[in-house]
Amino acid sequence: MQLHKNKISRRAFLNRTAPAMGALLLPSLVSRALAAPAAYNGLKTRGVVLAVEDLETLNWPLLARDAGLTTIGTHITPSQVSAFIQSPKGQQFLADCKQYNIAVEHELHSMHDLLPRDLFAKNPEMFRMNEQGTRVPDYNCCVSSTAALNIIAENAVKYAAVLTPTTGRYFYWIDDAVPMCKCPQCKGLSDTDQALVIENAIIRALRKKDPRASLAHLAYVNTMPPPKNIKPEEGIFLEFAPIYRQWDHPLSDTAAGVDAPKQGNGGRLTHGETLRLLHENLAVFPAATAQVLEYWLDVSLQSKWKKPARQVDWHPAVCSADVKTYADAGIRHITTFAVYIDGQYKETYKDLAFVKEYGKILKAYGVKQ
């Protein structure tokens, strides 16, 4: 998920034989998907998540409006996005979104900004302990440190003064797919539990300033399993981000899957396992507020987070089938990374029609009435 620091790479697609998939790959399925089924009502979020560079060089508010999208999420870090929002281009972006009735949210890799690493020299106890029993400032924090949690929450409120979402939904992510604290006080908590301790501290602080605030719990790689020992505070909602999957097969093809070296104990992760994890999370977090963060348009992922960007590998039939799967689970908020779709991408590849097609697919499904 991280664009430059994360070592995750897209695995080669598995060559699988799945005769039942033939119908899914027919263009007729996409056409049928664009007509909204009578049994559904509309999604609340039809979105994209974009890096600052994308927003600086391409008129995404207009593109989102024309595609029938509701929401743009900015990315990557609080400090980076704050600088953009306070710049002339950022102010124009906000004005354009307001003009086109596009909601603005901020989906952020946050921990290095919320708990600055330079605090380690004087306060190593606020930072995680590694497997060898040594405090290290590389990732996340020690969630048993009240001082660390207080600083994280205070800085989240500070950034919220600039990065105020128009929806009231905040996204302050942990350092994802990397180790959490292994100190004696923390080691009994799963990675998901530790993430939730941090999120609970943040939402309590945010709600003192903004009573309507809600905050995402990111279920991603090592936090994909639901929490076991920590209960989410009021206002915490699920954000489910299944990065390890086979992109040319829908999730409903439960036998499909990929190698997932950083998830669980590694090994093959099937779509069936991903759907099981989704439903286990929905037993803890309400489906009505849950959001899916997908990668259907994530050129950065497809380019292995290196430019020049490759042309998007877009599978509309897979997207359509996935949206139906999520909608059938009761999910009303769906978005996708679309990072690297910027001015240079448009200049190189010209065609952005897939953005409109994505928007039409999202408009076709909602939650069953």
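The values are calculated or read from the model by the stated rules, or taken from the named source; none is laboratory data. Model, not experiment: these values are computed from the prediction. Backbone-built Cβ (ideal geometry, glycine too); neighbour counts: all protein chains shown. Side chains are part of the model used for accessible areas, which takes the heavy atoms of the whole protein and leaves out ligands, DNA and RNA. Shrake-Rupley method; radii C 1.70, N 1.55, O 1.52, S 1.80 Å.
Applying the Karplus parametrisation 6.51 cos²θ - 1.76 cosθ + 1.60 with θ = phi - 60° to the phi angles of the range 132-139, what ³J(HN,Hα) value in whole Hz is obtained for each residue in order, glycine and proline being reported as x?
8, x, 10, 6, 9, x, 5, 9
In the range 120-225, which GluC sites (Glu not before Pro) are in a loop and have at most 16 other Cβ atoms within 10 Å, using DSSP for the loop call?
Of the GluC sites (Glu not before Pro), the ones in loops of the range 120-225 whose Cβ has at most 16 other Cβ atoms within 10 Å are Glu131.
Name the residue from Leu352, Ala321, Ala201 whose Cα lies farthest towards the positive end of the charge dipole of the chain, charges +1 on Cβ of Lys and Arg and -1 on Cβ of Asp and Glu.
Checked the options; the winner is Ala321.
Over the range 218-275, what is the relative contact order in percent, taking alpha-carbon pairs closer than 8 angstrom and at least six residues apart?
The value is 31 percent.
Suppose all protein chains stay in the model; what accessible area per residue would a 1.4 Å probe give for the range 307-369, in Å²?
Values: 2530 Å² over 63 residues.
Counting only protein heavy atoms, the per-residue value for the range 307-369 is 40 Å².
Roughly how many whole Å is it from the C-alpha centroid of the range 234-299 to that of the range 85-160?
If we compute the Cα centre of each part, the gap is 25 Å.
What is the local net charge at Lys209, summed over the other residues whose Cβ is closer than 12 Å to its Cβ (Lys, Arg +1; Asp, Glu -1)? Working shown, then result.
Details: positive: Lys158, Arg204, Arg207, Lys208, Arg212; negative: Glu154, Asp210.
Residues close to Lys209 contribute a combined charge of +3.
Around Lys182, under 10 Å between beta carbons, what's the net of Lys plus Arg minus Asp minus Glu among the other residues?
For residues surrounding Lys182, the net value is +1.
Could you check which residue among Ala309, Ala241, Ala83 shows the biggest mean-square fluctuation in a GNM of the chain with a 10 Å Cα cutoff?
The residue with the greatest mean-square fluctuation here is Ala83.
Return the long-range amide H neighbours of Asp253 (sequence gap of 5 or more, or a different chain), with a cut-off of under 5 Å between placed amide H atoms.
Counting only residues 5 or more places away or on other chains, the set is empty.
Report Leu218's accessible area, 1.4 Å probe, all protein chains in place, as a number in Å² to the nearest 10.
Accessible surface of Leu218 is approximately 10 Å².
Going through the range 275-313, which trypsin sites (Lys or Arg not before Pro) have at most 16 other Cβ atoms within 10 Å and a DSSP loop state?
Passing sites in the range 275-313 are Lys304, Lys306, Arg310.
Hey, got the dipole for the range 87-135? About the Cα centre, +1 on K and R Cβ, -1 on D and E Cβ, debye to the nearest 20?
140
For n ≥ 4 DSSP H runs only, could you compute -39500 (n - 2.57) per run for the chain, divide by its residues and tell me the 222 nm figure to the nearest 500?
Value at 222 nm, helices only: -10000 deg cm²/dmol.
Report D for the range 58-215 in µm² per second (integer): Stokes-Einstein, Kirkwood Rh on Cα pairs, 10 °C, 1.306 mPa s.
95
Scanning the chain for helices, which whole DSSP H stretches are 24 Å or more long along the axis (Cα) and average -0.5 or more by Kyte-Doolittle?
191-209
In the P(r) worked out for the chain, what percent of Cα pairs fall beyond 35 Å?
21
With contacts defined as alpha carbon pairs under 8 Å and 6 or more residues apart, what's the relative contact order of the chain in percent?
Taking the mean separation of contacting Cα pairs over the length of the chain, I get 22 percent.
Of the trypsin sites (Lys or Arg not before Pro) in the range 166-261, which ones lie in a loop per DSSP and count no more than 12 other C-beta atoms within 10 Å?
Answer in residue order: Arg212, Lys228.
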